[in-house]
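Before anything else, here's the structure in question.
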Amino acid sequence: MQNIGSETSKGYVLVTGGAGYIGSHTVVELINANYVPIVIDNLNNGYVEALNRIEVITGFRVEFHKIDLMNEVALSQLFDIRPITMVIHFAGYKSVTESVSKPLSYYDNNITGTLNLLKVMQAHNVKNIVFSSSANVYGNAETVPITEDLRHAATNPYGRTKMFVEAILKDQCISDAEWNCILLRYFNPVGAHPSGLIGEDPHDIPNNLVPYITQTAIGKREFLSVFGGDYETPDGTGIRDFIHVVDLARGHIAALDHISKNPGCVAYNLGTGRGYSVLEMVAAIGRAAGKDVPYKIVDRRPGDIGVSYADPSKAQRELGWKAVYNQNDMCEHAWKWQSMNPNGYRDAINNELYGAFRIH
Ligand SMILES: NC(=O)c1ccc[n+]([C@@H]2O[C@H](COP(=O)([O-])OP(=O)(O)OC[C@H]3O[C@@H](n4cnc5c(N)ncnc54)[C@H](O)[C@@H]3O)[C@@H](O)[C@H]2O)c1
């Protein structure tokens, strides 16, 4: 259990969207690194149960407030009562496909929500923020590995919300030299905590490849559709830079540890620097599950590119961060989460082991 407010604690960190996939894994690492996380989430795609399980993993009961970033007043009241000094900002919508059909909703939630947060931070003199950006800002980059200085060319509303928020944060840092922003551009987060207690549990249709594969392996889907088998890659399927979510979470700790030493607004790629094909991921999850995962090759999705992977060397050089988990770890942990929780967090909502979480 952490000693809140003790001399060894590194301070209070507000985690927006901390009941979601990457946020919940980052909360565990924050606790391990002796930060004191305070989570806010509107539970649109997050689970209080994830916070119950964080308590099982760490022994620390995280303070949680069900607050929507669109509610600037509620947010401000929280900053009034808690000595927050840093923010990690995960909260937002994240589906590329949905963003194409609901652009206004994406621009509103991801941009207005961020503006509300920044206004409240400014009013409370809190000027350190780590932002969840995405490799989506690079659009369909034709050259690999992708470095941070590549021109921004997002091709969908979701990616543009990330581009615009990055621009807003840069402008904020230019306007006030006390502001420090770290923009973390994630490649393809996969896997789950090695305990199998927390993982990715999309409320609706998954947006990412790995939940589709694990759901197929466990029999919830008849087969996996693989989009495109005729790319110029060794097995014809697309290659992506998959990164274990715990490595990604630790990238946020490295960013926070670094933020006051590196004023201004700086972007870092968080990836492994190595790509795996869709079929390599299918095979690795099949190995972890001890069964073949049925799949069908279907047409390419419009706009998809064959190969994408990061150059993560800037994060290693400047933040001292490097991914350590390998592809087998990613797939074994994803499978462990899926097999221990066939219906995600829903099965355990009434599980007495974790009990009901109190919403403050
Ligand atoms: N998972 C990925 O593949 C990926 C890749 C690149 C970037 N990102 C970014 O990382 C962040 C976290 O992604 P994730 O995969 O953990 O997603 P997630 O949906 O699991 O987590 C986001 C959380 O934010 C909450 N939220 C959304 N809008 C909110 C609002 N207005 N107020 C309060 N809470 C709100 C949701 O309920 C959810 O718990 C997102 O900003 C996403 O765009 C994710």
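Throughout, read-outs are computed from the coordinates displayed, never taken from laboratory work. Keep in mind that what you see is a predicted model, and the values were worked out from it rather than measured. Cβ: placed from backbone, ideal geometry, glycine included. Neighbour counts: every protein chain shown.
Among (1) buried (at least 17 other Cβ atoms within 10 Å of the Cβ); (2) outside any loop (DSSP other than H, G, I, E, B); (3) β-branched (Val, Ile, Thr), there is one condition Val126 misses while meeting the rest; what is its number?
All conditions pass for Val126, except number (2).
Restricting to segment 177-204, count the residues that are touching a helix residue (DSSP H, G or I) at 6+ places or on another chain (Cβ under 8 Å) and either assigned to a loop (DSSP other than H, G, I, E, B) or more than 10 Å from the ligand (Cβ to nearest atom) (or both).
Our first condition is that a residue be touching a helix residue (DSSP H, G or I) at 6+ places or on another chain (Cβ under 8 Å); within segment 177-204, this holds for 179-202.
Pick out the ones that are also either assigned to a loop (DSSP other than H, G, I, E, B) or more than 10 Å from the ligand (Cβ to nearest atom) (or both) and you get 179-183, 187, 191-202.
Total meeting the criteria: 18.
Kindly indicate the residue of segment 86-110 that is surrounded by fewer than 17 Cβ atoms within 10 Å (Cβ to Cβ) and not aliphatic (A, V, I, L, M) and also nearest to the chain's Cα centre (by Cα) among those meeting that condition.
The first filter runs over segment 86-110 and keeps only residues surrounded by fewer than 17 Cβ atoms within 10 Å (Cβ to Cβ), leaving 97, 100-105, 108.
If we keep only those that are not aliphatic (A, V, I, L, M) as well, we get 97, 101-103, 105, 108.
Values: Thr97: 17, Ser101: 22, Lys102: 21, Pro103: 21, Ser105: 20, Asp108: 20 Å.
If we take residues in segment 86-110 being surrounded by fewer than 17 Cβ atoms within 10 Å (Cβ to Cβ) and not aliphatic (A, V, I, L, M), then Thr97 is nearest to the chain's Cα centre (by Cα).
Here's another thing I want to ask about it. Hey, can you tell me all the residues within segment 111-123 that are out of contact with any strand residue (DSSP E or B) (no Cβ under 9 Å at 6 or more places or on another chain) and crowded, with 23+ Cβ neighbours inside 10 Å?
Of all residues in segment 111-123, those out of contact with any strand residue (DSSP E or B) (no Cβ under 9 Å at 6 or more places or on another chain) come to 111-112, 115-116, 119-120, 122-123.
Within segment 111-123, just Val120 meets the criteria.
Another question, then. List every residue pair whose Cβ atoms lie under 7 Å apart, where the two residues are 6 or more positions apart in sequence or sit on different chains, the first residue falls within segment 139-164 and is part of a helix (DSSP H, G or I), and the second residue, located anywhere, is basic (Lys, Arg).
Tyr158/Lys94
Residues are listed down the side, and each one gets a yes or a no for (1) within 14 Å of the ligand (Cβ to nearest atom); (2) touching a Ser or Thr at 6+ places or on another chain (Cβ under 6 Å):
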| site | (1), (2) |
| --- | --- |
| Leu78 | yes, no |
| Ile84 | no, no |
| His89 | yes, yes |
| Ser95 | yes, no |
| Glu98 | yes, no |
| Lys102 | yes, no |
| Tyr106 | yes, yes |
| Asn110 | yes, yes |
